[in-house]
């Protein structure tokens, strides 16, 4: 469709040049000069005497070409936009049209040191929120991330995984360190005060709520299950949605890392 649009525009331009410069309708390109009442083109002379109906036919042709171009060009742009949309779609989720900047934040890492926005710079990062007492979603997702990262081979080092605990009451740095290293020694973890976690959630689009268990038997936490994808500039670049399979995640990660897919 894009090619049709270009051809129509070129045809329109040829006819416009013919009418504007006084050239016969079929003349386009080549060296042309005007001598008296005749045109010379590559050694060939042609009469400029108008023929009956030629002006009217030329107007009709130009109008038809303009109509075709008016339809073809928008359709070509639509096809281009659809292709761009497909390029932003991952098997497990979608990249944002424009990455969103992430403002500074302050958490505590599993090593007991401050974990800030600077810890997200330099490589792609997958963020997953949860808590270590989570009975199902958290260990399952971290296991799939471990398997997906392993499938990347040496490229796995170019992808960081950060587990953000929304249960600071029970998930101390030491406990977080033991938990994430059970899955992968390279996984990072961080937590912080509830208000700091909520502020980060507003930036990244995750939520959580504490639910007391019946009869005072502790509590659980409902939380978002999506994975958040941040680019090497620490900008929110997209979301991956469950259910997760290691093969699918690995394919998406490989495409992002090797082709450097940009939103």
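What follows is calculated from the coordinates using simple rules that are stated; it is not laboratory data. All figures in this text were calculated on a predicted structure; none of them were measured in a lab. Backbone-built Cβ (ideal geometry, glycine too); neighbour counts: all protein chains shown.
Site pair residue 198 and residue 258 shows an inter-label distance of 4.5 nm when each label is modelled 7 Å from Cα along Cα→Cβ.
Work out the P(r) tail for the range 181-263: percent of alpha carbon pairs separated by more than 20 Å, whole number. Summing the P(r) of the range 181-263 above 20 Å gives 52 percent of all pairs. For the range 93-259, relative contact order (Cα pairs under 8 Å, six or more residues apart, normalised by length) works out to 35 percent. With the simple model of a label 7 Å out from the Cα in the direction of the Cβ, residue 100 to residue 136 spans 2.8 nm. Once the chain from residue 185 to residue 155 is taken as fully extended at 0.36 nm per residue, the excess over their C-alpha distance is 9.2 nm.
Counted by neighbouring Cβ atoms within 10 Å, the residues 223, 133 run from fewest to most as 133, 223. Counting 0.36 nm for each residue step from residue 116 to residue 207 and taking away their Cα separation leaves a gain of 30.8 nm.
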